[in-house]
């Protein structure tokens, strides 16, 4: 970050995204640079939410976009008041609807939490969620 501030054009550092709040983006010597967080789950989330869409847009690619749907919450979820929050969940299809279960430790260093999940809940900042609510999910 310090080099980008001194020698480049820092566009942003830190955003309201959990996990993944400390990403960086700027231009250095005419080249766009993304800096990803150090924890593996944070890096995964930032890449999917910021870097991949930026690459698709910058290259006018027609590649696949993120697969999303809606699921009903079966378990209580923790969220932050002021950040977009993504929580890893398993998804159950009961034939009528998708059901989201948060069973896994949500630490940003817990890479196994992605490997054992089907989707990320997308929890909007400032909104309260309860068991039974329908929430947007992005499939892993």
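Listed values, structure above:
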| quantity | calculated |
| --- | --- |
| Odd one out for residue 103 among (1) crowded, with 17+ Cβ neighbours inside 10 Å; (2) at pLDDT below 95; (3) in contact with a strand residue (DSSP E or B) (Cβ under 8 Å, 6 or more places away or on another chain) | (1) |
| Condition broken by residue 54, with the remaining ones in (1) outside the structural domain of residue 8 (by TED's automatic domain parsing); (2) surrounded by fewer than 16 Cβ atoms within 10 Å (Cβ to Cβ); (3) under 18 Å from residue 16 (Cα atoms) satisfied | (1) |
| Residue in region 64-71 that is over 18 Å from residue 47 (Cβ atoms), surrounded by 12 or more Cβ atoms within 10 Å (Cβ to Cβ) and without any contact (Cβ under 8 Å) to a residue 24 or more places away in the chain present | no |
| Flag if residue 77 is assigned by TED's automatic domain parsing to the domain that holds residue 121 and either surrounded by 16 or more Cβ atoms within 10 Å (Cβ to Cβ) or within 17 Å of the chain's Cα centre (by Cα) (or both) | yes |
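The values are calculated or read from the model by the stated rules, or taken from the named source; none is laboratory data. Computed from a prediction, not measured in an experiment: that's the story for all the values here. Using ideal geometry, Cβ is built from the backbone for each residue, glycine included, and neighbour counts are taken over all protein chains shown.
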